[in-house]
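Nothing in this text is a laboratory measurement; each read-out follows from the coordinates by a stated rule. Model, not experiment: these values are computed from the prediction. Glycine also receives a Cβ, built like all others from the backbone with ideal geometry; neighbour counts cover every protein chain displayed.
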Amino acid sequence: MIISNIENKLRDIEKDEELGVELALLTGDEKMSLFAIELRKGEFIHAHYHKENIETYFILNGEGVVFLGTKNGDGVIWESEDQVNKGDSFTIYPHQVHKFKNLSDEKLRIIATAPLSHSEEDRYFVNDKD
């Protein structure tokens, strides 16, 4: 068994420039993994989607907004915008375009579950004017 500590992982991780935030793999395998995500004030996760499997999210700290939409050609049509706060959880489904933005002065810290492929080959970015 390997034990990971969220504080250590986030402190030692480099920013995922393509995604736009700090993303650390905590544990898991190719079928299901646990990730820690951290967004500083004003940061956002770029608009993207996955073709297979769900993602689940739990807000550990901070507050932000989650945008959901549908791919339209090379862009996206945004359909909802929901504020999320410490303690909230939700699911993102396959082909749902999603992006997140930190709304507060404090770090938005998120725990997410997803297959490992969501951080590698099954991640499709869409054009969006952020």
Net charge over other residues, Cβ less than 10 angstrom from the Cβ of residue 94 (K, R count +1; D, E count -1) | -2
Looking at the chain, how many pairs of lysines come closer than 17 Å at the Cα, when each pair is eight or more places apart or spans two chains?
-> 19
Distribution of pairwise C-alpha distances over segment 17-125, 5 Å bins, in % | 2, 13, 23, 28, 21, 10, 2, 0
Net charge contributed by nearby residues that have their C-beta within less than 13 Å of residue 117 (K/R +1, D/E -1) = -4
Could the peptides 115-122, 28-35 be put in order, highest first, of the mean number of other beta-carbon atoms found within 10 Å of their residues?
-> 115-122, 28-35
How big is segment 1-62 on each of its three principal axes, counting only the C-alpha atoms and giving the largest first in Å?
-> 36, 30, 21
Say R0 is 35 Å: what FRET efficiency, to the nearest 0.05, do residue 74 and residue 1 get from their beta-carbon distance?
-> 0.20
In the neighbourhood of residue 10 defined by beta carbon distances under 13 Å, the net charge of the other residues (Lys, Arg +1; Asp, Glu -1) is 0
Once you have a ≥ b ≥ c as the square roots of the Cα gyration tensor eigenvalues for segment 52-98, tell me rounded if a/c is under 1.5, and otherwise prolate or oblate according to whether a/b is larger than b/c.
-> oblate
Expected 222 nm ellipticity per residue - DSSP helices of 4 or more, -39500 (n - 2.57), all of the chain, to 500 | -1500 deg cm²/dmol
Segment 7-78 to segment 96-129: how many Å between their Cα centroids?
-> 2 Å
Mean separation of Cα pairs under 8 Å and 6+ residues apart, divided by the residue count of segment 61-104: what relative contact order is that in percent?
-> 53 percent
